[in-house]
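J.: Here it is: the structure, laid out below.
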Amino acid sequence: MTAFYLAQRGTGTMTILEEIKAKRQQLRQSPGETISREGGLVIVPDATAFRHILAVGDIHGNWLRLLSLWQHVPYDPQQDLLVFLGDYIDRGDYSAEVLEMVMELAEKSPHVITLTGNHEAMMLHYFHDHSIREPMDLNHGWMRSGGQATFASLARVYQQDPSRYHAMLEFVLSLDHLASVGEDYIFTHAGFLPRQSYEEQVDDMLWIRTEFYEEYAGDETVVIGHTPVQCFDVNRHHPLMFRNHIIDCDTGSYLPGGHISCLNVKKMTCWQSDPDDMFQED
């Protein structure tokens, strides 16, 4: 981590948007650097370097729906920037398969950004004090939030190949928190508090809702997941754009009639998984 970045974060005087702007300006003085990753903050200084900028919303263990979506997305790892918004796991039965697919995409291209969600945070909290070799602790909050399905999925992997299981945990530990792309786009799982610094709100970025929706007034388009669009309109199944440049890409991957969505943020076009009857109960 550069001394510049440590100094800016340590002062607590810069807001998150000011930090992003300062880091972007610094990177533009280093020709050839297309993506910077430091402390969970990803900066892509030039959005024009990519044909498409693609954002994938919450998946929640629905691997078959993810495969269905991927049949429609015209993704080219050489030309496109791909951003996953977090919540790969829980509720659906195939969290391990989802993690492996996302890991493979990230390994094949440096232009894949994998952000963390609150469900990944709950899983890591669980495994800080528990082992996959032990029975589930059904009193833990993660288990009440869809974690039982993930635990079962990862336990199957561990029984077959412990090294694969540990690789998945390492991948989840490595996930980033926020990505800024050019001067126009910000990606994070849930949102952020515009008046606070990045360091002050790393956890909030995974959980926040109302404060972000009400306080954000920036020029950058902020693309998030976390809250299913059905919470705002029960009949909606496509990404939702708010008046203050916020786009919610969580289209209810685990809900009846829900989808996993991939948004092309430059052209505001969207691809979705096919309709199916794969609804998973909590």
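Here's the yes/no breakdown for (1) touching a helix residue (DSSP H, G or I) at 6+ places or on another chain (Cβ under 8 Å); (2) at pLDDT 95 or above; (3) farther than 19 Å from Leu66 by Cα; (4) among the hydrophobic types (A, V, I, L, M, F, W, C):
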position: Leu115; (1), (2), (3), (4): no, yes, no, yes
position: Met122; (1), (2), (3), (4): yes, yes, yes, yes
position: Ser145; (1), (2), (3), (4): yes, yes, yes, no
position: Phe151; (1), (2), (3), (4): yes, yes, yes, yes
position: Ala167; (1), (2), (3), (4): yes, yes, yes, yes
position: Ala179; (1), (2), (3), (4): no, yes, yes, yes
position: Ala190; (1), (2), (3), (4): yes, yes, yes, yes
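J.: Just one of (1) within 24 Å of Ser261 (Cα to Cα); (2) assigned to a helix (DSSP H, G or I); (3) aliphatic (A, V, I, L, M) trips up Leu124, so point out which.
T.: Among (1) within 24 Å of Ser261 (Cα to Cα); (2) assigned to a helix (DSSP H, G or I); (3) aliphatic (A, V, I, L, M), Leu124 violates only (1).
J.: Grab the helices (runs of 4 or more DSSP H) fully contained in the range 133-218, keeping just those with 1 or more residues being within 18 Å of Glu120 (Cβ to Cβ) and of a type in the set (A, V, I, L, M, F, W, C).
T.: Working: elements: 147-160, 162-173, 210-215.
Counting at least 1 such residues, we get 147-160, 162-173.
J.: Could you check, for the range 106-123, whether at least one of its residues is touching a Lys or Arg at 6+ places or on another chain (Cβ under 7 Å) and more than 30 Å from Arg51 (Cα to Cα)?
T.: no
The values are calculated or read from the model by the stated rules, or taken from the named source; none is laboratory data. Note that the coordinates shown come from a computational prediction; the quantities given were computed from them, not determined experimentally. Ideal geometry is used to build each Cβ from the backbone, glycine not excepted, and the neighbour counts take in all protein chains shown.
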